[in-house]
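Below you'll find the structure, written out as structure tokens, and then a few comments.
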Amino acid sequence: MSPRVIGQPLPIIDAVEKVSGATVFINDLELPGALVGKALRSPHPHARILNIDTSRAERLPGVAAVLSRNNTPHAPFGINIKDESAFCREKVRYEGDEVAAVAAIDEDTAREALALIDVEYEILSVATDPFIAMAEGAPLVHESAAGNIANQFHIKRGEIDEAFENAEAVFSDDFHTHSAHQAYIEPTGCAAWWHSDGRISVWGCLQSVFLIRTFLLSPVMGMPADDFRVTQTKPGGAFGGKLDVKAALMAAMLSRAAQRPVRFMLSLEEDLISMRPRMPVHISLESAWKTNGALAGKRVKIVAENGAYCSLSPAIMSSIALRTDNLYKTPAAEIEGKLVYTNIIPSGQMRGFGNVQATYAWESHLDNVADGLGIDPAELRLRNYTEKGDVSLHGWKIESCAVADATKYVVDKIGWKAKRARGGKGRGVGLASCIHVSGNKGFSAALGPDGTDPSGGVVRIDEEGRVEIWSGESDLGQGSASVMAYIASEVLGIPVSRFKVPPTDTGYMPFGMGAFASRITLIGGNAVKLAAEDARKNLLEAAAEAMEIPVSDLEIVEGEVKAKSLPGRKMPVGEVARKAGNVIEGEGKWLAGGDVLDDQKYGNPSTTYSFSTHAAEVEVDMETGVVAVLQIRAGHDPGRVINRLGAEGQVEGGAVQGMSYSMLEGLSPDAGHLRGRNFHDYLIATSMDIPPVEHDFFESMDPHGPFGAKGLAEVAINPITAAICNAIYHATGGARIRTLPISPERVLEAIEDAGRKG
């Protein structure tokens, strides 16, 4: 029998490399004769560029290239909306916008060159609040966007007007979230090398090597995508922030201009002011109910703060507006969404892709509803959850679902009934649930080589019996490369210790969209499983010929091909490979399920869906407003767990990251200028802040996933903010946190507000 690796708590395959310091990150990459690239960034949130004079910088000894609007074409780019250019053209739109860039022999020379670039600005009025930005007469961030509206939609489904006319109870709320950086340990960086044949090699801490060359490098630089070889260096974290990395474009453009390798590394301050943080959003909710706790309909209004440029922000706003409707049986809904340009750092994707904000608002609202209806909050959810076999209001097909089991687990483990009964007096418990896509089709159909969203896998067994997996998907430190190895090991019967999964490289690896939408385990894992099955077939056929034994009588056990009927007859897989020409290979390709949604955003956008419920217990100092999270309990439905140790790390890390977002973090823009430009001022949770996190998995065995698996990374972060806020509500007898983050001042304000209403 093959070794059973699926579901076991195994260390990641590159653990020794990482803990020993052998891992090569982008800042460790050495290229011969590499120049240092730096960007000149706007000091103003909004200003017209009257003139740029780079002549002094160009004359500085040691400077190899200077780029700006003066010598680069205007080639707009953006994943959803093409509204950004490599360098600002007529004006700057946020503090940190790239105005020019230099490549020089060292960092000191590069910084001196930046100081020699003369830019004449005409300061313009700023639009930093989305509501003011939409008002008549507000300064336009983009002249082409009427009223600063970057994107909007209005959807009505079901008999929404009748739902509210016939409602036995109606509840309404408003919630506001804030801007938060991904706070990865490694600041963003890329390197590029222009070659004499006109091709360019690019390296970087990237989430998708294929996306970078297709959406960014190729259209802006006017070169075919295949002229770029993009290689991922192992990232020191990403959490969504390294999906569309402009540093790759800066490095490539400078390298082509200088005709030498260029390293373009962001400082921590540059990263905090120019990479895309979690989107701030204002959410208004109104829901209609029967007094027995049945949801009749909901109305949602979203005003999302886009910042200066779009990228994926329209898709994020759509996620915020629609996703929670599919977690509960929602008969009718009306949703309005407005994405608003402001003179703030462009917002973007962060772990959860809008679902953190949406879940915070809706799950907080549900506790207000439960209070108003006199129903236990856990019971209200259990009465309304979507179930296996359902098709949601928006067309989502639920084919595996264990959210009710997850909720019952956290209710039991946190001592829900007893603690709810004695709640208030500064101590309380709360919970929240979520749904998230797993294998979202999204925008990726435009990228696949055949107009679909394929993930490819190649499994190669060499003459030493070692196995190498090639995948276009990306490991960001979350352990997805190890998941690929475990899946292939389970199929092949070869120990995991013999596996290697190199970082993604467009030069020789099959197509894959990379790390987003909790897609890698499901889509990439299926491709690797098919490749491993193909390699196993080829291996057994080669062994049958070499051993003169029928394939039907052969099996692979611990890296050896053995005859079932003749226990003494066996051959190491490496020897089989040698006899077959030194390498045995298998290939696989798997297409994402789901639909590309229509203009009304209807359809099944994902292959499948994951679920979770988190519960938190808090203690609130009623005099100071200080909140302490005492414990977290979490139940998750990730389908089949591939690697339990890695899955546990995902849950614990997600819960802590979500807690940090809700209680500590924030970029705090002030009139277009960002505060919190380092980790002294931008606070994140440390080991001293982490409460006990107890959790379990409810394996719904998804019909689409490899061995029944689906995604876990984002359902691990989505619910905890709302769970903490609901626990505060319970602990204080009704203090509702409507604006994040949860500062002591806001807690005291909520306590006072609850007292006035009481």
Legend entry - Length added when fully stretched, residue 684-residue 645, from 0.36 nm per residue minus Cα-Cα: 11.6 nm
Legend entry - Principal axis box of the stretch 613-758, alpha-carbon based, largest edge first, Å: 53, 39, 27
Inset, instruction - Consider the candidate values (i) 43, 31, 27; (ii) 41, 38, 22; (iii) 63, 32, 23; state which one is semi-axes √(5λ) of the Cα gyration tensor in Å computed from the structure displayed. - result: (ii)
Inset, instruction - Could I have the simple spin-label model distance between residue 149 and residue 670, label points 7 Å from Cα toward Cβ, reported in nm to one decimal? - result: 3.4
Inset, instruction - At 1.4 Å probe size, with every protein chain present, just tell me what the per residue accessible area of the chain comes to in Å². - result: 36
Legend entry - Simple label model, 7 Å out from Cα along Cβ direction - residue 199 to residue 122, nm: 4.7
Inset, instruction - Calculate the length of the line joining the C-alpha centroid of the stretch 524-549 to that of the stretch 64-101, in whole Å. - result: 50
Legend entry - Distance from the stretch 718-758 to the stretch 478-521 (C-alpha centre basis), Å: 43
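Given 0.36 nm per residue, what is the gain on full extension from residue 48 to residue 162 after removing their alpha carbon distance, in nm?
36.0 nm
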Legend entry - Ranked packing of 183-193, 159-169, most packed first, by mean Cβ within 10 Å: 183-193, 159-169
Legend entry - Inter-probe distance in nm under a simple model that places probes 7 Å from Cα toward Cβ, at residue 631 and residue 135: 5.0
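Anything in the chain that counts as a DSSP H helix reaching 27 Å or more along its axis (C-alpha) with Kyte-Doolittle mean of at least 0.5? List them, would you?
none
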Inset, instruction - Report in % the part of the accessible area of the stretch 269-378 that belongs to carbon and sulfur, leaving out ligands and nucleic acids; probe 1.4 Å. - result: 50
Inset, instruction - Using a 1.4 angstrom probe on heavy atoms only, work out the carbon and sulfur share of the accessible area of the stretch 636-758 in %. - result: 52
Inset, instruction - Report in % the part of the accessible area of the stretch 102-249 that belongs to carbon and sulfur, leaving out ligands and nucleic acids; probe 1.4 Å. - result: 49
Legend entry - Two-decimal log10 I(q)/I(0) for the stretch 539-654, as the Debye equation yields it once each C-alpha is a single scatterer, q = 0.15, 0.16, 0.19, 0.23 Å⁻¹: -0.88, -0.91, -0.99, -1.18
Inset, instruction - Starting with the highest mean, order 687-693, 710-716 by the number of other Cβ atoms within 10 Å, averaged over the residues of each peptide. - result: 710-716, 687-693
Legend entry - Antiparallel DSSP beta bridges within the chain, percent to nearest 5: 80
Legend entry - R0 of 25 Å, Cβ-Cβ distance residue 60-residue 259: FRET efficiency to nearest 0.05: 0.85
Legend entry - Globularity ratio of the stretch 490-549, using Cα Rg and 2.2 N^0.38 Å: 1.40
Legend entry - Bins of 10 Å from zero: percent of alpha-carbon pairs in the stretch 1-122: 12, 30, 23, 15, 11, 7, 2, 0
Legend entry - Cβ-Cβ FRET estimate between residue 551 and residue 505, R0 fixed at 41 Å, reported to 0.05: 0.75
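The values are calculated or read from the model by the stated rules, or taken from the named source; none is laboratory data. What you are looking at is a predicted structure, and each value in this text was computed from that prediction instead of being measured. All Cβ positions, glycine included, derive from the backbone under ideal geometry; neighbour counts span all protein chains shown. Accessible surface areas use protein heavy atoms only, side chains included; no ligands, DNA or RNA. Shrake-Rupley method; radii C 1.70, N 1.55, O 1.52, S 1.80 Å.
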